[in-house]
Amino acid sequence: MSIFDRYAPFVQDFIYRNNWESLRAIQVAAADAIFNTDDNVLLSASTASGKTEAAFFPILTLFSEDMPRSVGAIYIGPLKALINDQFMRLNELCAEANIPVWHWHGDVPQSHKNKMLKNPSGILQITPESLEALLLHKHSYIPKLFGDLRFIVIDEVHSLMRGDRGGQTLCLIERLSKLAGVNPRRIGLSATIGDLESTGKFLSSGTGRNTQIPKIEAKGIKWRLSMEHFYINGPQASQDKEGNNSLPELDIATDKAPDNADPGMGYIFEHTRGKKCLVFVNSREECEAVTTTLRQYCEAKNEPDRFLIHHGNLSASFRETAEAVMKDDSQNCTTVTTATLELGIDIGRLERAFQIDAPFMVSSFLQRMGRTGRRDMPPEMWFVMREEQPEPRALLPTTVPWKLLQGIALVQLYLEERWVEPPKLDRLPFSLLYHQTMSTLASCGEMSPAALASRVLSLSYFHRISQDDFRLLLRHLLETEHLQRTEQGGLIVGLAGERQINTFKFYAVFKENEEYTVRWGSQELGTIVMPPPVGEKIALAGHVWIVEEIDHKRRLVYCEQVKGKVPAYFGECPGDINTKVLERMRQVLREDKSYPYLMRNAVARLENARHTARNSGVADEPLICLGGDMWCLFPWLGTYAFLAMERFLKVKCAERLGITGLDKSRPYFIQFKMKADKEEFFRVLAEAEKEPLDPMELVYPNEIPYFEKYDEFLPDELIRKGFAYGILGIDEMKARIRSWSQYN
């Protein structure tokens, strides 16, 4: 029997109605795995390849043959917009078979949720945060709601592999399964997975099942890709001696443009006119600023406003308006967005995507590129790289076009090797441990310490957490009144814990954007979102400041003014640029090859950077003298290994080498003054690398390195341990030092 013949009649009718001439390879492979095995399934194929239908055609067929007596499948999506979109698609498919489809997140009316609670059936589409709320507040309903749960479909599974949110999702699935007495099969969907085998193991954690990973031969696909570079002020890199601009039709610094016109913004403004586009940026703050600037262009040129905005901190009405307009093929609007429109949602005939500066990961580039190219159109992305023009006397490292190199590296790694970042699954998730401990206790009521430990530590994501560490956490939570001991010796949630749990913000394990007020003495300078650690720099009110003190409870940052510039990438970096990206950036500087997607300004800027690199040795020599006793180290390491390197220099080598004034631009270079010469620098590093190193030595005295949302409620010892053993890339750092042996 063919796969098509195996499908239920209503699925076959759906295929006929949509004029599909044949099933796609992913759909055949998925159906074979779901129909003919009892394993979990990981489906990895390009965006718009039909993964959702590939998973649900066989699931719904099985349901039609034996209807579940409760919710039969849970679809977990990372974004509300994605769930709303899939809700509409699944409703159409399920209507004929009378299989209900429910969606459940913060913007869904309570009346819809109540209907599901009264009649648990069909498919439930939900975010991890709403699933957390369901387990917390509807604990006693779980067996009734999910007693015959057979499948859990996790969409965009790669987006849940890089931090606590993925761990939370895994914990929730295990907690729900234990409560309901079920062991549903898990189906993971993604277009961008870097390591299929480890992702398959992650997906199967705690199920006792294997994961089927069908091998799908990808069809050759053509990209429309361009990358242009702009100096924000002054002449562009490709201007000739007569001063002719490489893009005369975009010379928008005229009386019709806003004051201090930014040519990169003008380029986007002109090339979105009459088209439906997305403009991706790397932060919420930049999203607001870019949208404002583009709207100013509309006003200055007496054109109607054609720009929308979409990010996670907007109200539901703003987000849904942007989504609805983008789905309407009759309207040619452009939406400026963060990662909130990066995943999954089909916004119809999208003609072009722009990316301002480089994203941080290959997976982000692929996801954003994949927003276009649907409906038989090739994917199309225009990179727009912007930087301040280096001053004539600027020091070497600030003259390197880091964003341009990063963008080229991301593209080349995929084109040459089909490389995507592997998941990072070896962390010590103490922040999530606090969250799941509190959630478990709040939902279950009083538990003995042993029962609580058994319930929480049996969750597979906490396999690296020891009994001793959990005991330390419980003692601390009792001392801080997050937990309380009853007369019978059991544990319940304490007063401080109630304050955390009794707010909708508790459902999420990722940090919300919270604004901190920045002060210099008695003067208020403005606000920033999530301040950097003490000793780091921020740019605000036209000046650069160094953070002296942070009052997290009162959301205050105290600082002092310093000279210099803060590179624009600071504060945007999520701590996740892989070492392989940095190494490919160095190769871009070393090689002579051209890249066909580079536009004229970008070609000229790269030629200039390569010329500088050849003359200075920056791509070949890790340590460069900038003049006198000023030095610069280029480790070409990813963020976490770079973090380990800068701390290793400070803690293990600075005194021996006479290093002072260490200033880093993570993860690109480290500047410092040094009394020693180059040979002694490498000799001391090599000697220090051979000495035994406890990772805890790289945590500064009295430092409490908050990284995750609930770190502030942990004992200091666990925060430091989680940072030292779970964050710092010590092995990569030590390997890099060993690779410098020729310089000793």
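For the chain, just say rounded, prolate or oblate: build the C-alpha gyration tensor, square-root its eigenvalues into a ≥ b ≥ c, call rounded for a/c under 1.5, and beyond that prolate if a/b exceeds b/c, oblate if not. Oblate. Remark: the chain carries a charge dipole of roughly 900 debye about the Cα centre, counting +1 on each Lys and Arg Cβ and -1 on each Asp and Glu Cβ. Per residue, the range 359-452 exposes 33 Å² of solvent-accessible protein surface, assessed with a 1.4 angstrom probe and all protein chains in place.
When you filter the trypsin sites (Lys or Arg not before Pro) in the range 78-145 for DSSP loop state and at most 11 other Cβ atoms inside 10 Å of their Cβ, nothing is left. On the basis of the beta-carbon distance and an R0 of 22 Å, Ser198 and Ser466 show a calculated FRET efficiency of 0.45.
Of all beta bridges that DSSP places with both ends in the chain, some 40 percent have antiparallel geometry. With a Förster radius of 41 Å applied to the beta-carbon distance between Ser111 and Glu270, the computed FRET efficiency rounds to 0.30.
For the pair Thr292 and Glu691, the difference between a 0.36 nm per residue extended length and the Cα-Cα distance amounts to 138.3 nm. About the centre of its Cα atoms, the range 606-744 shows a dipole size close to 340 debye [charges on the beta carbon of Lys, Arg (+1) and Asp, Glu (-1) only; nearest 20 debye]. Evaluated over the range 1-142, the count of Lys pairs having alpha-carbon atoms less than 17 Å apart is 4 (only pairs 8 or more residues apart or interchain). Summed over the residues of the range 63-183 and divided among them, the accessible surface reaches 33 Å² per residue at a probe radius of 1.4 Å. Between the beta carbons of Asp426 and Glu299, assuming R0 = 45 Å, the FRET efficiency works out to 0.30 to the nearest 0.05. Among the listed pairs Lys424/Lys675; Lys664/Lys690; Lys424/Lys678; Lys537/Lys580; Lys424/Lys664, those whose Cα-Cα separation exceeds 32 Å are Lys424/Lys675; Lys424/Lys678. Surface composition of the range 378-433: carbon plus sulfur atoms contribute 50% of the solvent-accessible area (1.4 Å probe, protein chains only, all chains present). Sorting the segments 449-456, 296-303 by their residues' average number of neighbouring beta-carbon atoms within 10 angstrom, most packed first, yields 449-456, 296-303. Here the simple spin-label model places points 7 Å from the Cα toward Cβ, and for Cys333 and Arg349 these points are separated by 1.7 nm.
Rounded is the label for the range 39-174. Its Cα gyration tensor axes, ordered a ≥ b ≥ c, give a/c under 1.5. When peptides 641-650, 589-598, 475-484 are ranked by their average number of other Cβ atoms within 10 Å per residue, the highest-first order is 641-650, 475-484, 589-598. Anisotropy class assigned to the range 33-116 is oblate, per the alpha carbon gyration tensor with a/c at or over the 1.5 cut-off and a/b no larger than b/c.
Near Val547: Cβ cut-off under 10 Å, other residues only, Lys/Arg at +1 and Asp/Glu at -1. The net charge is -3.
Ordering of 99-105, 673-679 by packing is 99-105, 673-679, highest average first (other Cβ atoms within 10 Å, averaged per residue).
Annotation: extensible slack from Glu536 through Arg555 equals 5.2 nm (criterion: 0.36 nm per residue apart, minus Cα-Cα distance). Using alpha-carbon positions, what is the distance between the centroids of the range 273-289 and the range 162-241, in Å? Answer, in whole Å: 23.
Summarising the amide proton neighbourhood of Gly122: residues at separation of 5 or more, or on other chains, whose placed amide H is nearer than 5 Å comprise Gly72.
The values are calculated or read from the model by the stated rules, or taken from the named source; none is laboratory data. Note that the structure is a prediction, hence the values are computed from the model and not measured. With ideal geometry, Cβ positions are generated from the backbone for all residues, glycine too; neighbour counts draw on all protein chains shown. With ligands, DNA and RNA removed, areas are computed over all heavy atoms of the protein, side chains included. Shrake-Rupley method; radii C 1.70, N 1.55, O 1.52, S 1.80 Å.
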